[in-house]
Amino acid sequence: MSGDRRITVGLVGAGGIARSHMSAWRSLGVDILVYSKEDANELCAEFSTGRVVDTLENLVAQSQVIDVLTPTYAHEEAVRAGLDAGRQVICEKPLALDAPTAQQLLELSRARDNALYVAHVVRYFPEYATLHDAVSSGYIGRPAVARLNRTGTFPQWASWFADEEKSGGIVDDLMIHDLDIARWVLGEVRSVYATLRHATAPDGRRVSVAQATLRHEDEAISNVRATWGPVGTPFRTSFYVAGTDGCLEHDSTAHPPLQVRSDAPTDASMLPTTSGSPADAYYAELSDFMESMSTGSTPRVSAEDAVEALKLADAVRLSAHRDAVVEL
């Protein structure tokens, strides 16, 4: 995608995540179209930008870039529509409900010679980018052990989250963030052992906890835990990564956002800054994708990465079902 012509981005969906994307697209100065079965007019009014179209076909026909922000079970249809029409496609994570379907979409993008990007936005949050860059640079030596946690209230704003056939449950919706980060930071995964538990909270709502131990190809071990708690559970993310020369840790409920403990001399210049906000992360993510479309640069997260994240998610479910280690 090149030239000075103003780009039109078509948003498919107008739910919660669409607001984060809408804000970033507005800042990026593109023309915006929105198609959604619900709330499209409200989304455009809220951000004082965008134009509503009445069908997915009309959206695809009038856009150069399609941004798929539907519930997970509808991702495949919208992604296929964009790719079949020769459009560049961005899709909110997860790309699909399982790895084989995601692989088919990746192969379709290759066959159509159109870019496919998947919005694993956590890679763009400063604390996780800092973690990746520090480990990659050898700042803590050889990484050995990692713990990644993500906790929040069971989603209540849409009923489809409780239907695992539509959402993929806690593994696809919440845990997949840190499965992707574990692989990004510590490398390819060799085996997975996982547990998955569900209960009913006093208010009658479902509570879910997923935990996975990943053995990476270089023998590092990561433990990934995701929790959907009862109403009132605060959102919290944290990580702790230990290596031969020190460790890095972060807790979203504490300050500063990143703590470094190391026997090596401390040099702040070795670490990127961690200033930023969730809004900045979405802007950085979509800017990265647009740069890739324009120049052919490699984005921070690829469609191949999204497929690998779903392979890990599938392995977590299979391991929990079998109560056994799954080799990859």
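The values are calculated or read from the model by the stated rules, or taken from the named source; none is laboratory data. Please read all numbers here as calculations on a predicted model, not as lab measurements. Virtual Cβ from ideal backbone geometry, glycine too; neighbours counted across all protein chains shown.
What the table shows:
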{"read-out": "Residue, farthest from the chain's Cα centre (by Cα), within segment 93-115, restricted to residues that are surrounded by 24 or more Cβ atoms within 10 Å (Cβ to Cβ) and not in a helix (DSSP H, G or I)", "value": "Ala96"}
{"read-out": "Segment 23-58, residues that are assigned to a helix (DSSP H, G or I) and among the hydrophobic types (A, V, I, L, M, F, W, C)", "value": "Ala24, Trp25, Leu28, Ala40, Leu43, Cys44, Ala45, Phe47, Leu56"}
{"read-out": "Conditions (1) within 19 Å of Met290 (Cα to Cα); (2) surrounded by fewer than 22 Cβ atoms within 10 Å (Cβ to Cβ); (3) touching a residue at least 12 places away in the same chain (Cβ under 8 Å); number of the one not met by Asp133", "value": "(1)"}
{"read-out": "Scan of segment 205-244 for residues that are assigned to a loop (DSSP other than H, G, I, E, B), under 25 Å from Pro126 (Cα atoms) and more than 22 Å from the chain's Cα centre (by Cα), ordered by number", "value": "Ala220, Thr244"}
{"read-out": "Selection status of Arg225, modelled with pLDDT of 95 or more, among the basic types (Lys, Arg), surrounded by 15 or more Cβ atoms within 10 Å (Cβ to Cβ) and farther than 30 Å from Ser159 by Cα", "value": "no"}
{"read-out": "Where a residue in segment 152-178 is under 19 Å from Arg317 (Cα atoms) and its partner, wherever it lies, is aromatic (Phe, Trp, Tyr) and crowded, with 17+ Cβ neighbours inside 10 Å, with Cβ under 6 Å and at least six apart", "value": "Phe154/Trp228; Ser167/Phe161; Ile170/Trp228"}
{"read-out": "Checking Phe161 against (1) among the aromatic types (Phe, Trp, Tyr); (2) within 17 Å of Gly229 (Cα to Cα); (3) assigned to a strand (DSSP E or B), the condition it does not meet", "value": "(3)"}
{"read-out": "Criterion (exposed (fewer than 14 other Cβ atoms within 10 Å of the Cβ) and modelled with pLDDT under 70) met by exactly one of Pro234, Pro265", "value": "Pro265"}
{"read-out": "Filter result for Asp305 (part of a helix (DSSP H, G or I), at negative phi, within 18 Å of the chain's Cα centre (by Cα) and at pLDDT below 95)", "value": "no"}
{"read-out": "Residue within segment 2-14 that is surrounded by 14 or more Cβ atoms within 10 Å (Cβ to Cβ), in a helix (DSSP H, G or I) and either in contact with a helix residue (DSSP H, G or I) (Cβ under 7 Å, 6 or more places away or on another chain) or in contact (Cβ under 8 Å) with a residue 12 or more places away in the chain (or both) present", "value": "no"}
{"read-out": "Test: residue in segment 184-197 that is at positive phi and modelled with pLDDT under 95", "value": "no"}
{"read-out": "Of the criteria (1) outside any helix (DSSP H, G or I); (2) out of contact with any Asp or Glu (no Cβ under 7 Å at 6 or more places or on another chain), which one Ala61 fails", "value": "(1)"}
{"read-out": "Flag if Arg19 is in a helix (DSSP H, G or I), of a type outside the set (Ser, Thr, Tyr) and touching a Ser or Thr at 6+ places or on another chain (Cβ under 7 Å)", "value": "no"}
